[in-house]
Amino acid sequence: MKLKRHGAVLALAAAGAMALAACGSNPTPSGGGGGGAGGAAPGVNCGGKQNLSAEGSSAQKNAVDVFIQAYQQQCGGKNLAYNPTGSGAGVKQFNAGLVDFGGSDSALKDAEVAAAQQRCKGNPAWNLPLVFGPVAIAYKLDGVTGLTLNGETAAKIFNGQIKTWNDPAIAALNSGAQLPNTPISVVFRSDESGTTDNFQQYLQAAGKGAWTQGAGKKFNGGVGSGANQSAGVAQSVSGANGSITYVELSYAQDNKLSMAKLDSGSGPVELNSAAVGKAIETAKVTGQGNDLKLDLKSVYGGNTAGAYPLILATYEIVCSKGYDPDVAQAVKAFLTTAATSGQAQLPDAGYAPLPESFKAKLLTAIQAIA
């Protein structure tokens, strides 16, 4: 199944709001009831804190909206307020004890671990990767709607070594395609972005030495023109023939951009749910126990047949222990619902549902929160 556009989120939100209103003052169900679009989340205890709070990554905002509606349907009367202020702010607010959990497009850094442990009353904080968003290499090229790239050619495009669309390196990956002698116009994020960081990590891992500019949230390619935010780069490419960018899937879809297949060595792979799921399954967990911190370099530089490697993960930063009992119960209920019935609508929001093997690891960690 291909990932779909995120317009359906608004309809889902409206339906969730009506369902919540219909609950009125009914008692909160204690588990299993309600049922979202993907069916009821099993084993959910809906007690605990009435209104949770969370803050952080804007990259997962549309997914969290989906999860909130599933949570409201599952646990009528319960709610989560999520403020998409960015990953750095989310970690700071969590560590300060001002929100119940934080959202971040990267796991806790070494410098943040001690503060998180203090916030959790001396217990470790866990990084739980709940939302995976595929990143498209999106382009507009008149007459060319099917294109394959690999890490090396992508790296050379985004650092200016490959300058025209009919370059021999691109032609070699696209036998029979009529590639024009059109200049390539790179469009990059001018603002600092976790998407930029993940994309440059992919180029570094998959580029066979062609990308020497490093990673980080600022684009380092030294070529092209910048645009602000994901909407800005997608709109810039949509209006300029010969242009190319990296952007989250939903923005590429909304702007009707073509998206390159990626060949990691086992053949071209289209960006779809099944291919992203295979990539998630190969992600290496580097955290200890139920801390599911990931090393996505194993995905970016891997060669798993049928896996689309260019993905980013966003984490929920939670206390392993140290919550007040009512907070722990509600956090577990929300995250369990998000990882189960909340997954069904993610393709409509431009995200990839969790594969079953990874979901099992995540649910084990969630249930261990105390």
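The condition of being at pLDDT below 60, farther than 14 Å from Ala338 by Cβ and of a type in the set (S, T, N, Q) does not hold for Ser87.
Within the stretch 231-256, the set of residues being touching a strand residue (DSSP E or B) at 6+ places or on another chain (Cβ under 7 Å), buried (at least 24 other Cβ atoms within 10 Å of the Cβ) and among the hydroxyl-bearing types (Ser, Thr, Tyr) comprises Thr245, Tyr246.
When you check Gly287 against the structure, is it surrounded by fewer than 22 Cβ atoms within 10 Å (Cβ to Cβ), touching a residue at least 12 places away in the same chain (Cβ under 8 Å) and in the same structural domain as Gly76 (by TED's automatic domain parsing), yes or no? Answer is no for this residue. If you go through the stretch 158-216 and pick out every residue that is more than 29 Å from the chain's Cα centre (by Cα) and assigned to a helix (DSSP H, G or I), you end up with 4.
On inspection, Tyr323 qualifies as assigned to a loop (DSSP other than H, G, I, E, B), assigned by TED's automatic domain parsing to the domain that holds Lys92 and either surrounded by fewer than 22 Cβ atoms within 10 Å (Cβ to Cβ) or modelled with pLDDT of 95 or more (or both).
Is it true that some residue in the stretch 138-148 is free of Cβ contacts under 8 Å to residues at least 60 places away in the same chain, under 30 Å from Gln93 (Cα atoms), out of contact with any His (no Cβ under 7 Å at 6 or more places or on another chain) and assigned by TED's automatic domain parsing to the domain that holds Ala231? No - not one qualifying residue is present in the stretch 138-148.
Here's the yes/no breakdown for (1) of a type outside the set (A, V, I, L, M, F, W, C); (2) more than 22 Å from Asp291 (Cβ to Cβ); (3) in contact with a Phe, Trp or Tyr (Cβ under 8 Å, 6 or more places away or on another chain):
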residue	(1), (2), (3)
Ser58	yes, yes, no
Lys61	yes, yes, yes
Pro84	yes, yes, no
Gly88	yes, no, no
Phe94	no, no, yes
Gly103	yes, no, yes
Ala114	no, no, no
Asn123	yes, no, no
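In the stretch 326-349, what residues are hydrophobic (A, V, I, L, M, F, W, C) and either surrounded by fewer than 18 Cβ atoms within 10 Å (Cβ to Cβ) or modelled with pLDDT of 95 or more (or both)? Correct list: Val327, Ala328, Ala330, Val331, Ala333, Phe334, Leu335, Ala338, Ala339, Ala344. Checking Ala274, Ala352 one by one, the residue that is more than 27 Å from Gln50 (Cβ to Cβ), in contact (Cβ under 8 Å) with a residue 60 or more places away in the chain and surrounded by 24 or more Cβ atoms within 10 Å (Cβ to Cβ) is Ala352 and no other.
The values are calculated or read from the model by the stated rules, or taken from the named source; none is laboratory data. Given the structure is predicted, the values throughout are model-derived calculations rather than measurements. FYI the Cβ positions are ideal-geometry reconstructions off the backbone, even for glycines, and counts take in every protein chain you see.
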